[in-house]
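The values are calculated or read from the model by the stated rules, or taken from the named source; none is laboratory data. All values reported here derive from a predicted model rather than from experimental measurement. All Cβ positions, glycine included, derive from the backbone under ideal geometry; neighbour counts span all protein chains shown. Side chains are part of the model used for accessible areas, which takes the heavy atoms of the whole protein and leaves out ligands, DNA and RNA. Shrake-Rupley method; radii C 1.70, N 1.55, O 1.52, S 1.80 Å.
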Amino acid sequence: MKLSFTVSTALIGSAAAWSSMSMKSDIPSSAATSRREIFQKGAAAVFGLATAANAQSARAYDLPDLPYAFEALEPYIDAPTMKIHHDKHHATYVANLNKATEGKEAKPILDLMEDAIAAGPAVRNNGGGHYNHAFFWEELAPADQAAKTKPSEQLLSLINKSFGSLDEMKAQFEARAAPGALFGSGWVWICVNQAGDALKLVGTPNQDNPLMKGAADEIMFPILGLDVWEHAYYLKYQNRRPEYVSNFWNLVNWDKVSQNCAYVIEKHAGVPF
Amino acid sequence: MSASKLIVDKALRASISLGSSKIPSELAKSSAAFLSSGATKATLPDLPYDYDALEPVISSETMTLHHTKHHNTYVSNLNAGMEKLDAAITAGDVSGIIALQGALKFNGGGHLNHTLFWENLAPTGKSSRPSGHLEACIINCFGSVDAMKSELSAKSIAIQGSGWGWLGYNTATGRMEVATCANQDPLQATTGLVPLLGIDVWEHAYYVDYRNVRPDYVKAVWDIVNWDVVAERLAAVKK
């Protein structure tokens, strides 16, 4: 678990920088582009990257906008959590990933995943953190919209084959996400296996994911994931992770999960960003 | 407990666990009951100060949650795990014994770590800096107290996910070292170092007060370290 001192000072620097930035909570989602620019200029200032004029190439990793407002997932995930989770935690992973990959050949984030563990802690933790969170935001939807979605025939057939039923899959997922089962920080995933013919339930520690060689029995392609780091739920749920996990289902966009499933099976690859 | 009784207990426990054919089953069962009844239950220790005593560094809200929910849960789960372990040992269920190890490490480590943590904190000003033998040792091993704080801070902040930063004592070399452990892995069982000072960097330790800014929390914790306790721990180890 040893990290080089330079990485740790970068983390200290970035965290301090983020704490001093005041992010107004009333920025409307239509100004999302300008908020994104603030992040990118902020990252450039912290890490001494070249000025905005020539640094904003397509190569730098970007913090994606949330597809909904911070309060959209209430009451199951509170607005303050969404704001800090996106604007601080995810943003820090992006900033640190840019620092860690500076001067290297530009690759889409998905392409960093397979060899992320071998690439070392900076890429593993920050690349994984960026991919995982980008993936997570997209599979969630406001509860009233989520309620109108359902698994496709393809997905439902795989669920039934692999778990017996959707309810059984949810029960196993919740058990895998329980504090005694996934200890400390990590993620729980439903993935399509290498053979593309079954779904697997997998837990990974910290910011690993099953796309990474060595993270699980084989490389697998996530179609649904849940962040169980304490920062994902602490403000609203404190130590009550099981309550957070059982409320998660209210926010799952099964249409998106179904699309993920169809995509990863057809392409034999992970969902790209 | 006399030494001879202790030896007999261990031999008895071992022979029962291996299902020795030399012990009649009724005797094995009553021996197992005897051994189980002596098992010590873990209990949640009281804090050495009020819940608001560490403000403003750590809020009353955090201390209450951290002690009455998080630590308390480790204690309950540890006791449940130890009961299951006792049953598995009694039954000679090696597979069952092994299956319990993760939960025992999580919950036993959680209990040990938090017990040490509460003790090595104190209200601001109560024990403001290392002195005497402790200070001399720190200077000897790190060059200065500031250098030690700097190293422990940096390594604690850099922990990925959940874990603890420690100042520990290496009994083999007679020197202090900074070490980190993941999750609730206990320092001594994991590294052999004797714990002198621990800093909890699980998000639950600081999220209410510092949100994602772990560095601010770690920096502030230095104001509430109980150096007297750290000195006592060092003295105890060197005896």
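Collect the residues in segment B:207-239 that are assigned to a strand (DSSP E or B) and over 17 Å from the mean Cα position of the chain (by Cα), keeping them in residue-number order. Can you show your working first?
Taking segment B:207-239 and keeping what is assigned to a strand (DSSP E or B), we get B:225.
Passing the criteria: none in range.
Working carefully through the options B:Thr90, B:Thr73, B:Thr64, find the one that is among the polar types (S, T, N, Q), surrounded by fewer than 16 Cβ atoms within 10 Å (Cβ to Cβ) and at pLDDT 95 or above. Steps first, answer last, please.
Details: B:Thr90 fails: surrounded by fewer than 16 Cβ atoms within 10 Å (Cβ to Cβ); B:Thr73 fails: surrounded by fewer than 16 Cβ atoms within 10 Å (Cβ to Cβ).
Just one listed residue meets the conditions, B:Thr64.
Please specify each residue of segment A:55-108 satisfying the condition of being within 22 Å of A:Leu251 (Cα to Cα) and in contact with a Gly (Cβ under 9 Å, 6 or more places away or on another chain).
Step one: filter segment A:55-108 for residues within 22 Å of A:Leu251 (Cα to Cα), giving A:63-90.
Selection gives A:His89, A:His90.
Could you tell me which residue of segment A:165-180 is farthest from B:Ala182 (Cα to Cα), considering only residues that are of a type outside the set (D, E, K, R) and open to solvent by 50 Å² or more (accessible area, probe 1.4 Å)?
A:Ala171
I need the full set of residues from segment A:80-103 which are in contact (Cβ under 8 Å) with a residue 24 or more places away in the chain, more than 13 Å from every other protein chain (Cβ to nearest Cβ), open to solvent by 20 Å² or more (accessible area, probe 1.4 Å) and not hydroxyl-bearing (Ser, Thr, Tyr), in order please. First the steps, then the outcome.
Just the residues of segment A:80-103 that are in contact (Cβ under 8 Å) with a residue 24 or more places away in the chain, to begin with: A:80-81, A:83-102.
Next cut, more than 13 Å from every other protein chain (Cβ to nearest Cβ) only: A:94, A:97-102.
The next check asks that each one be open to solvent by 20 Å² or more (accessible area, probe 1.4 Å); those that pass are A:98-102.
A:Asn98, A:Lys99, A:Ala100, A:Glu102 - these are the residues of segment A:80-103 that are in contact (Cβ under 8 Å) with a residue 24 or more places away in the chain, more than 13 Å from every other protein chain (Cβ to nearest Cβ), open to solvent by 20 Å² or more (accessible area, probe 1.4 Å) and not hydroxyl-bearing (Ser, Thr, Tyr).
Step by step: first the residues of segment B:46-61, then only those that are within 20 Å of A:Arg240 (Cβ to Cβ) and touching a helix residue (DSSP H, G or I) at 6+ places or on another chain (Cβ under 6 Å), then the one that is least open to solvent (accessible area, probe 1.4 Å). Which residue is that? Give the derivation first.
Filtering segment B:46-61 for residues within 20 Å of A:Arg240 (Cβ to Cβ) gives B:51, B:59-61.
In the following step, the residues that additionally are touching a helix residue (DSSP H, G or I) at 6+ places or on another chain (Cβ under 6 Å) were identified as B:51, B:59, B:61.
Values: B:Tyr51: 77, B:Ser59: 20, B:Glu61: 107 Å².
Of everything passing the filter in segment B:46-61, B:Ser59 is least open to solvent (accessible area, probe 1.4 Å).
For A:Asp217, are the conditions met, namely being modelled with pLDDT under 95 and of a type outside the set (A, V, I, L, M)? Outline the logic, then answer.
Working: modelled with pLDDT under 95: yes; of a type outside the set (A, V, I, L, M): yes.
Against the criterion (modelled with pLDDT under 95 and of a type outside the set (A, V, I, L, M)), A:Asp217 qualifies.
Of all residues in segment A:184-193, count the ones that are outside any strand (DSSP E or B) and either more than 11 Å from every other protein chain (Cβ to nearest Cβ) or buried (at least 22 other Cβ atoms within 10 Å of the Cβ) (or both).
2
I'm checking my understanding of the structure. Among residues of segment B:214-239 that are among the β-branched types (Val, Ile, Thr) and open to solvent by less than 10 Å² (accessible area, probe 1.4 Å), which one is nearest to the other protein chains (Cβ to nearest Cβ)? Reasoning before the result, please.
Of segment B:214-239, the ones among the β-branched types (Val, Ile, Thr) are B:218, B:221, B:224-225, B:229-230, B:237.
Applying the additional criterion that residues be open to solvent by less than 10 Å² (accessible area, probe 1.4 Å) yields B:218, B:221, B:224-225, B:230.
Values: B:Val218: 9, B:Val221: 15, B:Ile224: 20, B:Val225: 20, B:Val230: 23 Å.
The selected residue is B:Val218.
For the subset of segment A:137-172 comprising residues that are part of a helix (DSSP H, G or I) and within 17 Å of the chain's Cα centre (by Cα), which member is nearest to the other protein chains (Cβ to nearest Cβ)?
We begin by selecting, within segment A:137-172, every residue part of a helix (DSSP H, G or I); these are A:137-139, A:143-146, A:153-163, A:166-172.
The next check asks that each one be within 17 Å of the chain's Cα centre (by Cα); those that pass are A:137-139.
On the way: A:Trp137: 17, A:Glu138: 22, A:Glu139: 22 Å.
This residue is A:Trp137.
I'm told B:Thr180 meets every condition in (1) surrounded by fewer than 19 Cβ atoms within 10 Å (Cβ to Cβ); (2) of a type outside the set (A, V, I, L, M); (3) within 22 Å of A:Gly186 (Cα to Cα) except one. Can you identify the failing condition by its number?
Looking at each condition in turn, B:Thr180 falls short on (1).
Within segment A:205-215, is even one residue in a loop (DSSP other than H, G, I, E, B), free of Cβ contacts under 8 Å to residues at least 12 places away in the same chain and within 14 Å of chain B (Cβ to nearest Cβ)? Step through it out loud before you land on a result.
Residues of segment A:205-215 in a loop (DSSP other than H, G, I, E, B): A:206-215.
Checking the rest, the ones that are also free of Cβ contacts under 8 Å to residues at least 12 places away in the same chain come to none.
Among the residues of segment A:205-215, not one is in a loop (DSSP other than H, G, I, E, B), free of Cβ contacts under 8 Å to residues at least 12 places away in the same chain and within 14 Å of chain B (Cβ to nearest Cβ), which makes the answer no.
For segment B:185-206, give me each residue that is in contact (Cβ under 8 Å) with a residue 60 or more places away in the chain, farther than 20 Å from B:Leu234 by Cβ and not in a loop (DSSP other than H, G, I, E, B).
B:Asp200, B:His204, B:Ala205
Take the residues in segment A:104-121 that are of a type in the set (Asp, Glu) and in contact (Cβ under 8 Å) with a residue 40 or more places away in the chain, then tell me which one is nearest to the other protein chains (Cβ to nearest Cβ). Quick ask: steps written out before the conclusion?
Applying the first criterion (of a type in the set (Asp, Glu)) to segment A:104-121 yields A:105, A:111, A:114-115.
Still in the running and in contact (Cβ under 8 Å) with a residue 40 or more places away in the chain: A:114-115.
On the way: A:Glu114: 20, A:Asp115: 18 Å.
So the residue we want is A:Asp115.
Starting from residues that are in contact (Cβ under 8 Å) with a residue 40 or more places away in the chain and among the hydrophobic types (A, V, I, L, M, F, W, C), keep the ones in segment A:61-78 and report whichever is nearest to A:Val245 (Cα to Cα).
A:Ile77
Right, A:Asn260: within 14 Å of another protein chain (Cβ to nearest Cβ) and surrounded by 18 or more Cβ atoms within 10 Å (Cβ to Cβ) or not?
Details: within 14 Å of another protein chain (Cβ to nearest Cβ): no; surrounded by 18 or more Cβ atoms within 10 Å (Cβ to Cβ): yes.
For A:Asn260, the condition - within 14 Å of another protein chain (Cβ to nearest Cβ) and surrounded by 18 or more Cβ atoms within 10 Å (Cβ to Cβ) - is not met.
Cβ-Cβ under 7 Å, sequence separation 6+ or interchain: first residue in segment B:217-233 and of a type in the set (Val, Ile, Thr), partner open to solvent by 10 Å² or more (accessible area, probe 1.4 Å) and in a helix (DSSP H, G or I). Which pairs?
Short answer, once both residue conditions are applied: B:Val218/B:Ser153; B:Val218/B:Ile157; B:Val229/B:Glu119.
Kindly indicate the residue of segment B:183-213 that is hydroxyl-bearing (Ser, Thr, Tyr) and farther than 18 Å from B:Phe106 by Cα and also most open to solvent (accessible area, probe 1.4 Å) among those meeting that condition.
Of everything passing the filter in segment B:183-213, B:Tyr210 is most open to solvent (accessible area, probe 1.4 Å).
Would you confirm whether any residue within segment A:126-142 is open to solvent by 60 Å² or more (accessible area, probe 1.4 Å) and over 30 Å from B:Ala158 (Cα atoms)?
Here is the first cut: in segment A:126-142, the ones open to solvent by 60 Å² or more (accessible area, probe 1.4 Å) are A:138.
So of that shortlist, the ones also over 30 Å from B:Ala158 (Cα atoms) come out as none.
No, every residue in segment A:126-142 fails to be open to solvent by 60 Å² or more (accessible area, probe 1.4 Å) and over 30 Å from B:Ala158 (Cα atoms).
Answer yes or no as to whether B:Ser60 is without any contact (Cβ under 8 Å) to a residue 12 or more places away in the chain and either among the hydroxyl-bearing types (Ser, Thr, Tyr) or touching a Phe, Trp or Tyr at 6+ places or on another chain (Cβ under 6 Å) (or both). Show your work before the answer.
Values: without any contact (Cβ under 8 Å) to a residue 12 or more places away in the chain: yes; either among the hydroxyl-bearing types (Ser, Thr, Tyr) or touching a Phe, Trp or Tyr at 6+ places or on another chain (Cβ under 6 Å) (or both): yes.
Yes.
Kindly indicate whether any position in segment A:194-203 is within 14 Å of another protein chain (Cβ to nearest Cβ) and either more than 24 Å from B:Ala99 (Cα to Cα) or at pLDDT 95 or above (or both). Give the steps one after another, and end with the answer.
From segment A:194-203, those within 14 Å of another protein chain (Cβ to nearest Cβ) are A:203; that's our starting set.
Checking the rest, the ones that are also either more than 24 Å from B:Ala99 (Cα to Cα) or at pLDDT 95 or above (or both) come to A:203.
Within segment A:194-203, one or more residues are within 14 Å of another protein chain (Cβ to nearest Cβ) and either more than 24 Å from B:Ala99 (Cα to Cα) or at pLDDT 95 or above (or both).
Could you figure out which of (1) within 14 Å of chain B (Cβ to nearest Cβ); (2) under 27 Å from A:Ala118 (Cα atoms) isn't true of A:Pro242?
(2)
What helices (runs of 4 or more DSSP H) lie completely within segment B:83-184 and have 1 or more residues being within 14 Å of another protein chain (Cβ to nearest Cβ) and without any contact (Cβ under 8 Å) to a residue 60 or more places away in the chain? Lay out the reasoning, then the answer.
Working: elements: B:94-99, B:101-119, B:132-142, B:145-157.
Those helices (runs of 4 or more DSSP H) span B:94-99, B:101-119, B:145-157.
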